[in-house]
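S.K.: Let me begin by handing over the structure; questions about it come next.
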Amino acid sequence: MTDIELAITEPFRTAYIVRETAHSMTVTLNQPPAPIGTLPGILPENLGDPSMREVHEITLAYIAGEMANGIATVEMVEAVSQQGMLGFFGAAGLSLPEIEKALVRLKSSCAGLSWGSNLIHSVQDQELEEKTVDLYLAHGVKRVSASAFMGVRPSIVRYAYKGIYLDADGCVVRPNHVFAKISRPEVARQFLMPAPAAMLQALVANGGLTAQEAALAVSLPVAEDYTVEADSGGHTDNRPLVALLPTIMTVRDEIVAKYNYQRPIRVGCGGGLGTPSAVAAAFGLGAAYVMIGSVNQCTRESGQCEHTKKLLSQAGLADVMMAPAGDMFELGVKVQVLKRGTLFGMRATKLWELYNRHESLEQLPAPIAQSLEKDIFKKSMAQVWEETRQYFLKRKPEEVERGDKDAKHRMALVFRWYLGQSSRWSITGDKTRVMDYQIWCGPAMGAFNEWAAGSFLEDPAQRGVAEIGLNLMHGAASIIRAQQLRASGVNVPSRLFHYHPRPLTETAGRLSHAQAI
């Protein structure tokens, strides 16, 4: 392969191939006199599916994902929305009044901008799931990221189809948009197909949908946006993106053809994305958009405490592990958490092993029971059970009734107390519980820290969620540009495949890609 002499115009939009040469590639900023070919420029705004930006009225196909318990704060959503990106509020694990307070503020602060909130599937409390949908419909929340669903549920179906109608041209208009976060083809299929007829009929019968809404729903999928979740923090199947994303896209194409959908069905991705190279790879695989989660926990706007942000900023690729999930403990579901600087992962795993080996708290050997009370609970298990009883008596009394009758379930509830409290200790910064912080985190955090080293983003205090988003998208565009040149026969220096973080103002972020490159 011969090298190619290039001239690049200002701004960085077009590369002119001047001539083939046996010498190394040269770059000049002067307009070439007689170019023999051109390569169009790549802007961050060009990445992803154009319909993503059009339908959701955003500039960049970039999402700051929801992190539960309000870790993805209102401030985080505001910051990215104001820069032409999309943010989801981390509503999972919060009370209804807390969620409503956030919605009221976002309706005001993000008026005219695009934003959304999370709806997490609650195995233990489906009533809360339904009441959260009630809040979203009452406050006109137009975008919901549906996470941890193992199948289509009435709650998300009601939200997806509520308010749909035919416009003057006979086209179906969907006021509400569901972003289905999925990691398995069988779950994707359920969301890609129209909702089951029996479920629609039941919703009509109980007033959840009108007959007209149900009739229009039979020709539409439950969701038109899919976030393929690869090796992420929190709930994850640890699937590699390069295997999972093409698989889900194939399923999408199959079902689109089967039902002859005429509307775009977008497949984006999240999990493992912490550097421009990773984001570029995702777009190279055909992702409609990218969702960033773990790395945003260490930003100024994050709901995590300062100590947790410091731990995250020091994490490496291997400083994560899988641990039992509090919301699906009995099912054996796990979440990915930070291992470095906390003992949560090991202690939670110990609780899971004890739950599998014993039928009740009373069956635990005395030394083990004493160790749990001293090192993990820091109080007697009787006290833990009483606190748990009081909590569920207010929120879900049937859990208490079942726990009183079923010793195994009572043990699960006591163990879940620790799993539930540990994530809140990380947020509130409880100094007496530093070694018990549950910090959801994937390997992308380590990759991000390695990339940020030596730049202004190395300092956690400088990590703004919008700055990170702009840098990742500008960097991805730069790297894709370098690959485009290489694919055209240019001997591209390897340094052009590394984008160094730099401060980006709103002007640089939206208008001057040349300066960012």
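S.K.: Jot down the per residue volume, in cubic angstrom and as a whole number, of the convex hull over the alpha-carbon atoms of the chain. Mind showing how you got there, number by number?
M.R.: Details: hull volume 86.6 nm³, N = 517.
Given the Cα convex hull of the chain, per-residue volume reads 168 Å³.
S.K.: PRE reach from residue 387 (point 7 Å along Cα→Cβ): which of segment 401-422 fall under 11 Å by backbone N?
M.R.: 417-422
S.K.: Another question about this same structure. At 222 nm, what helix-only mean residue ellipticity would the chain give, in deg cm²/dmol to the nearest 500, using -39500 (n - 2.57) for each DSSP H run of four or more? Before the final figure, lay out the partial values.
M.R.: Numbers: 20 runs with 216 residues, N = 517.
Mean residue ellipticity, 222 nm, calculated: -12500 deg cm²/dmol.
S.K.: Let a ≥ b ≥ c be the square roots of the eigenvalues of the Cα gyration tensor of segment 46-181; is it rounded (a/c under 1.5), or, if not, prolate (a/b larger than b/c) or oblate?
M.R.: Because a/c hits 1.5 or more and a/b fails to exceed b/c, segment 46-181 counts as oblate.
S.K.: Please list, in chain and number order, the residues 5+ apart from residue 179 or on another chain whose amide H is under 5 Å from its amide H, with Hs placed from the backbone.
M.R.: 144, 145, 146
S.K.: May I ask you to compute the full-extension gain from residue 138 to residue 263, defined as 0.36 nm times their residue separation minus their alpha-carbon distance, rounded to one decimal in nm?
M.R.: Details: separation 125, 0.36 × 125 = 45.00 nm, distance 2.68 nm.
Full extension of this stretch gives 42.3 nm more.
S.K.: What FRET efficiency comes out for residue 130 versus residue 456 if R0 is 56 angstrom and r is the Cβ-Cβ distance? Round to the nearest 0.05.
M.R.: Numbers: r = 45 Å, r/R0 = 0.80.
About 0.80, to the nearest 0.05.
S.K.: Could you tell me which of rounded, prolate or oblate describes segment 46-304, using a ≥ b ≥ c as the square roots of the eigenvalues of the alpha-carbon gyration tensor, with rounded for a/c under 1.5 and, failing that, prolate when a/b is larger than b/c and oblate otherwise?
M.R.: Working: a/c = 1.44, a/b = 1.14, b/c = 1.26.
Rounded.
S.K.: Moving on. When only C-alpha pairs under 8 Å and at least 6 residues apart count, what is the relative contact order of segment 46-304, in percent?
M.R.: 20
S.K.: Give 107/162; 334/405; 309/350 a once-over and call out the pairs whose C-alpha atoms are over 21 Å from each other. Show your work: numbers first, answer last.
M.R.: On the way: 107/162 19 Å; 334/405 27 Å; 309/350 26 Å.
The answer is 334/405; 309/350.
S.K.: If eta is 1.306 mPa s and T is 10 °C, what Stokes-Einstein diffusion coefficient results for segment 310-436, Kirkwood Rh from Cα pairs, in µm²/s?
M.R.: Details: Rh = 15.3 Å.
This corresponds to a translational diffusion coefficient of 104 µm²/s.
S.K.: While we're on this one: Listing 290, 222 from the residue with the fewest other Cβ atoms within 10 Å to the one with the most, what is the order? Walk me through the numbers before you get to the answer.
M.R.: Numbers: 290 27, 222 24.
Lowest to highest Cβ neighbour count: 222, 290.
S.K.: Out of residues 5 or more away from residue 69 or on other chains, whose amide H comes under 5 Å of its own, with H placed 1.01 Å from N in the peptide plane?
M.R.: Residues meeting the amide H criterion: 92, 93, 94.
S.K.: Here's a follow-up. How far, in nm, would the chain grow between residue 495 and residue 322 when pulled straight, counting 0.36 nm per residue and subtracting the alpha carbon separation? Could the numbers behind the result be given before it?
M.R.: Working: separation 173, 0.36 × 173 = 62.28 nm, distance 3.50 nm.
Extending this stretch completely gives an extra 58.8 nm.
S.K.: Would you grab the residues whose amide H sits under 5 Å from the one on residue 235? Only those 5+ places off in sequence or on another chain, please, with H modelled 1.01 Å from N.
M.R.: Close amide H contacts, sequence-distant or interchain: 336.
S.K.: What whole-number distance in Å separates the alpha-carbon centres of segment 99-114 and segment 451-471?
M.R.: Distance between centres, Cα-based: 26 Å.
S.K.: Once whole DSSP H runs in the chain are found, which of them have Cα atoms spread over 24 Å or more along the helix axis and a mean Kyte-Doolittle score of at least 0.5?
M.R.: Those that pass (Cα extent of 24 Å or more, hydropathy at least 0.5) are 241-259, 465-487.
S.K.: Another question, then. Using the Karplus curve 6.51 cos²θ - 1.76 cosθ + 1.60 with θ = phi - 60°, work out ³J(HN,Hα) for each residue of segment 492-500 in order, rounded to whole Hz, and write x for Gly and Pro.
M.R.: 7, x, 5, 5, 6, 9, 10, 9, 8
Laboratory data are not the source of any read-out in this text; all were calculated from the coordinates shown. Just so it is clear, the structure is predicted and the values come from calculations on it, not from any experiment. Please note: Cβ atoms are built from the backbone with ideal geometry, for glycine as well, and neighbour counts cover all protein chains shown.
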